[in-house]
Each structure stands twice: as C-alpha cells, then as structure tokens.
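Trainee: The structure's right below; bear with me while I get my questions together.
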Amino acid sequence: MTLLTGVGAAVVAAGLLFALLGPVAHGLTRSLPVDSTPPKERHDALTANRDLLLKSLTGLLALGALAYTAQTFRVAQQQAATAVQGQVTDRYTKAIEELDADGPGKEDIRIGAMYALEWLMGDSPRDHNTVVDVLASFVRHHDKAAGDSAAPSDEALGPGDVRAALTVLGRRDRRGETHRLDLRDIGVAHMDLEQADLYHADLFQADLQKARLAKADLRTASLVAARLQGARLPGADLRRAHLDGADLTGADLARADLRGTDFTAAHSPDADPQPAAKGLTCAQLRTAITDGTTRLPSALSC
C-alpha cells in the first residue's frame, strides 16, 4: 500500500512538473506580441517563466514536506503519549491488584505495590492525587493492628505495609495537590513518622500514642481530639495546627514550633497516670492559642 501511494505521488508530481514547464510556461509567453517580439526574446521569456514556475513548485513542495513532517511528528507524539498512558494504566492496575493481596506471606507484595505507586506518582503527575487517595485509604482500613495502644513496647511499630504507605505519603511531593491528606481516625500508635510531611493533613481523632513525630511538618494539620499521649514531637512544626481537645499527656514538645497552634480544650494534666507534656515552655505557649479550657502542666505558670 505504501509503495502504491509513493508511485501515485511520483506520477502526480511528474504530471504537474510537465504541465508547468510545458503548457503553463508557454501560455504565459503567449502574452507577448508575436509580431513585435524577436524569437530570442520570446525564448528568454519562456526560460524565465519556466525558472519561476520551477522555483515556485520547489517552494510549494518544501512547504508540503514540512507540513507532512509536522503532522507525522504530531501523530507520533500522540501515539507515544497513548502508549505511555497505557503503560501507566497497566502499572496502576497491577499495583492495585497487589494491594489487595491477602493471606500469609503477602505483606511483601503489598509493600512492593506501595513503592510501585510511589514511582507512578513521579512518572505520571496526573495520577498523583489518585495515588495519594489510594494510599491514605489503605492506611485508614489496615491500621488497626498498628493502632493498638496496648503494644508491649516501643518496638511494636505496626504492620510493615502500613508503615510503607505512611513512608511514601510522608515524603511525597505535595505541590499541586488539590485536597488535604485524609488520615482521619487512623490508629498508628508507636509508628515512626519522623520528618514526615503531614502539612495540612486531616488527623481528626487519630491515635498517635507514642508515635515518633520528631521534626514532622504538621503545619495547619487538624489534630482535633487526637490521642498524642507519649508522642515524641521534638522539633516538630505545628504552626497553626489545630489540637482542640487533643490529649498531650506525656507528649514531648521540646523545641516544637507552636506559633499560632490552637490548644483550645487540649489537655495534659499532672493528675493523669502518665506524666504531663514535656518540653513545653512559656515562650512556646505565648505564641499559641489557649483558653480557659486548656489544661496544661501546673509547673507552667506563664
């Protein structure tokens, strides 16, 4: 088919060239007066007309070739984009299937799926928000073993697949995200979330007892009614975070940035079985939002 098309194009081009150099060029030359125009002048005019027509034809062919090349390039780009998107779809589908893998010995498969989705976020920005939602949903529905506050020691860090999902979420590039990270009511006591990016995350009623949140980015995060007993938050950025009604009993807030943090109804009473929040200073609290319902260690007489 391609050969026939090429032959046809060659025949058309040859016919057009013959017409331009023959009848068309002669037709232009006939406009000269026959009686008063010497033969040599008529011949020179015919040659000039043929040269002009040939150059015009060459220019038109060049423009046609350029347009054809541009169209071919666009088609190739579209085909490549379609192929890439097909690969992304296949990778996403496979990762989702692996996330659903259940049964003994399947945790490693699920962990692999987490990191496959992380790669997918980098390769396909258009799927970033979808992947974040999938990982957050996985944490919300598979976190209960991790959220067992009666864990025998600080080494009980929860299921490996939940840790992997939180690791990916905690180090993602959140620029361009269209909605906040939904981690409401998760149970991730004892979990290692140091330096995690949880900016503006919704952690309403989250169980973060004894969680490791040193230097975590929790700016504007909602920690309303969160259970933060014994949580380690040294150096955490809690600017404008909402800790309304949060339980901070025994939490370590040394060097945490609490500028604009809302502690309304938060409590860390000395009378509780666990020690009061540690590391709090009057300088920190002067930049935070408190009211008469805020219960803080009695040692702080700011």
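The values are calculated or read from the model by the stated rules, or taken from the named source; none is laboratory data. These numbers were taken from a predicted model, which means no experiment stands behind them. Note that each Cβ is placed from the backbone with ideal geometry, even for glycine, and that neighbours are counted across all protein chains shown.
Trainee: Six or more apart or on different chains, Cβ under 7 Å: which pairs go from a residue in segment 98-111 that's free of Cβ contacts under 8 Å to residues at least 60 places away in the same chain to one that's acidic (Asp, Glu) and surrounded by 15 or more Cβ atoms within 10 Å (Cβ to Cβ)? Could you list them?
Mentor: Glu107/Asp161; Ile109/Glu98; Arg110/Glu98; Arg110/Asp161; Ile111/Asp161
Trainee: Count, please, the residues in segment 101-135 that happen to be part of a helix (DSSP H, G or I) and basic (Lys, Arg).
Mentor: Residues in segment 101-135 being part of a helix (DSSP H, G or I) and basic (Lys, Arg): 2 in total.
Trainee: Just one of Ala226, Ala236, Ala254 is without any contact (Cβ under 8 Å) to a residue 40 or more places away in the chain and surrounded by fewer than 22 Cβ atoms within 10 Å (Cβ to Cβ); which is it?
Mentor: Being without any contact (Cβ under 8 Å) to a residue 40 or more places away in the chain and surrounded by fewer than 22 Cβ atoms within 10 Å (Cβ to Cβ) holds for just one of Ala226, Ala236, Ala254, which is Ala254.
Trainee: In addition: From Val75, Val84, Val88, Val34, grab the single residue that is more than 27 Å from Arg126 (Cα to Cα) and either out of contact with any Phe, Trp or Tyr (no Cβ under 6 Å at 6 or more places or on another chain) or at pLDDT 65 or above (or both). Explain how you work it out, then say what you get.
Mentor: Values: Val75 fails: more than 27 Å from Arg126 (Cα to Cα); Val84 fails: more than 27 Å from Arg126 (Cα to Cα); Val88 fails: more than 27 Å from Arg126 (Cα to Cα).
Exactly one residue qualifies, and that residue is Val34.
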